[in-house]
1. When you check residue 144 against the structure, is it in a strand (DSSP E or B), surrounded by 12 or more Cβ atoms within 10 Å (Cβ to Cβ) and assigned by TED's automatic domain parsing to the domain that holds residue 208, yes or no?
2. Looking at region 151-191, which of its residues are in contact with a helix residue (DSSP H, G or I) (Cβ under 6 Å, 6 or more places away or on another chain) and farther than 23 Å from residue 129 by Cα?
3. If the requirement is being within 16 Å of residue 154 (Cβ to Cβ) and more than 15 Å from the chain's Cα centre (by Cα), which of these qualifies: 194, 234?
4. Could you check how many residues of region 173-190 are more than 15 Å from the chain's Cα centre (by Cα) and more than 21 Å from residue 125 (Cβ to Cβ)?
5. Check region 156-167 and report whether any residue there is under 18 Å from residue 126 (Cα atoms) and in a strand (DSSP E or B).
6. Quick one: would you say residue 138 is under 18 Å from the mean Cα position of the chain (by Cα) and assigned to a helix (DSSP H, G or I)?
7. Mind checking which residues of region 199-230 are surrounded by 21 or more Cβ atoms within 10 Å (Cβ to Cβ) and assigned to a strand (DSSP E or B)?
């Protein structure tokens, strides 16, 4: 009897940990996560609405053993629900300035290292833009800008922290999140562009792994229109770059994806 009590207590702790991890994914309370999971998987209530009818012990084990899968499913649901509604609360705003200095990961094994003269920082080289550090679309975009003669500077934005440029977007549950666009570029004509790079396509397969891409795209579009800002999502296909700043389409064969050289 004592052993059964200890095991149940242990499983209860594991369940709370798993629900806490799921909660972090979608930013709702543990109690709401528990209610959702119990309505879908645990015996009791209206059994016709359940996906699985599990006993308490089996329910605990199911949630703990499938924590990662459940997190991914919750992410997918919030990405698909009511894409980009109006923000209920106005987010805080601040003036962004490129930091005087910054830190970037470096690949010491890079061959034929060259300095990227278009980068906003001195001594930024191709060693900071290899496949170990950057995605394919990021590498191609930095090389593209380096080869252009109309670029004054390009800045690689950070991905977390108040010192970096970010835009607020909302998921299907009306929760606010921060989205950090990858690059800020100033052209010699004085125009400023903000660019987000995403995984493109390879051998006909979608390489994008960001399930919130459409929410971010729509939030970015709305922000750019309000600020009269040049912007775009850039993706790679067959080592060529394409840009979209009109209507989101996952399929890069869609006409909304244009060769980067046509618009940037």
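The values are calculated or read from the model by the stated rules, or taken from the named source; none is laboratory data. Note that the structure is a prediction, hence the values are computed from the model and not measured. A quick note on method: Cβ atoms are made from the backbone with ideal geometry, for glycine too, and the neighbour counts reach across all protein chains shown.
1. Working: in a strand (DSSP E or B): no; surrounded by 12 or more Cβ atoms within 10 Å (Cβ to Cβ): yes; assigned by TED's automatic domain parsing to the domain that holds residue 208: yes.
Criteria not met by residue 144.
2. The initial filter retains those residues of region 151-191 that are in contact with a helix residue (DSSP H, G or I) (Cβ under 6 Å, 6 or more places away or on another chain), namely 151, 154, 167, 169, 171-173, 179.
Once the filter is applied, which keeps residues that are in contact with a helix residue (DSSP H, G or I) (Cβ under 6 Å, 6 or more places away or on another chain) and farther than 23 Å from residue 129 by Cα, region 151-191 yields 167, 169, 171, 172, 173.
3. Values: 234 fails: more than 15 Å from the chain's Cα centre (by Cα).
Of 194, 234, the one residue that is within 16 Å of residue 154 (Cβ to Cβ) and more than 15 Å from the chain's Cα centre (by Cα) is 194.
4. Quick first cut of region 173-190, residues more than 15 Å from the chain's Cα centre (by Cα) only: 173-174, 184-190.
Applying the additional criterion that residues be more than 21 Å from residue 125 (Cβ to Cβ) yields 173-174, 187-190.
The number of residues fulfilling the criteria is 6.
5. Checking region 156-167: at least one residue is under 18 Å from residue 126 (Cα atoms) and in a strand (DSSP E or B).
6. Working: under 18 Å from the mean Cα position of the chain (by Cα): yes; assigned to a helix (DSSP H, G or I): yes.
Judged against the criteria, residue 138 is a match.
7. The first filter runs over region 199-230 and keeps only residues surrounded by 21 or more Cβ atoms within 10 Å (Cβ to Cβ), leaving 200, 215-217, 219-220.
200, the sole residue that qualifies.
Condition check ((1) modelled with pLDDT of 95 or more; (2) surrounded by 12 or more Cβ atoms within 10 Å (Cβ to Cβ); (3) more than 25 Å from residue 235 (Cβ to Cβ)) across all residues:
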residue	(1), (2), (3)
68	no, no, yes
101	no, no, yes
115	yes, yes, yes
126	yes, yes, no
156	yes, yes, no
